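Each remark here refers to the structure printed beneath this line.
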Amino acid sequence: MYRALLELADDHLVLGHRVSEWCGHAPMLEEDLALPNMALDCIGTARALYARAGELEGAGRDEDALAYFRGEREYLNCLLVEQPNGDFAQTMLRQLGFAAFMEPFWRAAAQSSDDAVRGVAGKAVKEMAYNIRHAGEWVVRLGDGTDESTGRMRAASDALAPYWDELFLSSPATQEAEAAGILPERAG
């Protein structure tokens, strides 16, 4: 279960850091406020998962040690979350896709046999629902907008297409956590 939680935590941490790169660079003030909050939500989820993973590991490492004191090859995140932000369209599409996958995942995780996972899930469901609503509005707005914004959304879709399938794959560690009722099935 340790490794399965580490994978999930890494997904959220890396995405949170990617989204935080928009702070001070978003196309409008409202987004300069919304995007850092979305990033903090992801990082908060990661922190809680790292804390539980550290307990399970039993090596005395806390969430900071697990999050920041590993080599780059030791991170287990999916490739989608580490893709460069690209333009605003690409960031919003990535955020929507990740949240649309994670919201039902966390909803199902609310039934976990692990108290800590249930606690994370309760909060993460609400955060992912907000991400879906916020990013979804932008994806529709840009996709149905001008020729330029529509072209950017198409380019974002093309750039991210190779990475969506990985969200649905379960590693051997995740399969064990799924079988134990700790995490929901990714493809289920």
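The values are calculated or read from the model by the stated rules, or taken from the named source; none is laboratory data. The structure displayed is predicted, hence computed values, not measured ones. So basically every Cβ, Gly included, is an ideal-geometry build from the backbone, and we count neighbours across all protein chains shown.
Looking across the range 13-34, the residues that are within 16 Å of V81 (Cα to Cα) and without any contact (Cβ under 8 Å) to a residue 40 or more places away in the chain come down to G16, H17, S20. Check the range 45-67 and report whether any residue there is free of Cβ contacts under 8 Å to residues at least 40 places away in the same chain, farther than 22 Å from D115 by Cα and part of a helix (DSSP H, G or I). Yes, that holds for at least one residue. The number of residues in the range 144-161 that are free of Cβ contacts under 8 Å to residues at least 40 places away in the same chain and assigned to a helix (DSSP H, G or I) comes to 7.
For the subset of the range 108-134 comprising residues that are among the polar types (S, T, N, Q) and surrounded by 14 or more Cβ atoms within 10 Å (Cβ to Cβ), which member is nearest to L160 (Cα to Cα)? Only one residue fits best here, namely N131. Taking the condition part of a helix (DSSP H, G or I) and either farther than 19 Å from L6 by Cβ or among the aromatic types (F, W, Y) (or both), does A177 pass? So A177 fails the test. Look through the range 73-107, keep the residues that are crowded, with 16+ Cβ neighbours inside 10 Å and basic (K, R), and return whichever of them is farthest from S20 (Cα to Cα). This residue is R107. Looking at the range 27-37, can you tell me whether even one residue there is of a type outside the set (D, E, K, R) and modelled with pLDDT of 95 or more? Within the range 27-37 (the criterion being of a type outside the set (D, E, K, R) and modelled with pLDDT of 95 or more), the answer is no, since none of the residues qualifies. Scanning the range 82-90 turns up no residue that is at pLDDT 95 or above, in contact with a Gly (Cβ under 9 Å, 6 or more places away or on another chain) and under 13 Å from L15 (Cα atoms). The number of residues in the range 174-188 being small (G, A, S) and surrounded by 19 or more Cβ atoms within 10 Å (Cβ to Cβ) comes to 1.
For the range 73-116, the set of residues classified as closer than 24 Å to E148 by Cα and small (G, A, S) consists of G86, A89, G97, listed by residue number.
Scanning the range 180-187 finds no residues that are assigned to a helix (DSSP H, G or I), touching a residue at least 12 places away in the same chain (Cβ under 8 Å) and either over 27 Å from Q90 (Cβ atoms) or of a type outside the set (K, R) (or both). Look at S171 and say whether it is surrounded by fewer than 19 Cβ atoms within 10 Å (Cβ to Cβ) and modelled with pLDDT under 95. Yes; evaluated as a whole, the condition is true for this residue. Scan the range 135-153 and give yes if some residue there is farther than 15 Å from H12 by Cα, among the basic types (K, R) and crowded, with 19+ Cβ neighbours inside 10 Å, otherwise no. For the range 135-153, residues farther than 15 Å from H12 by Cα, among the basic types (K, R) and crowded, with 19+ Cβ neighbours inside 10 Å: present.
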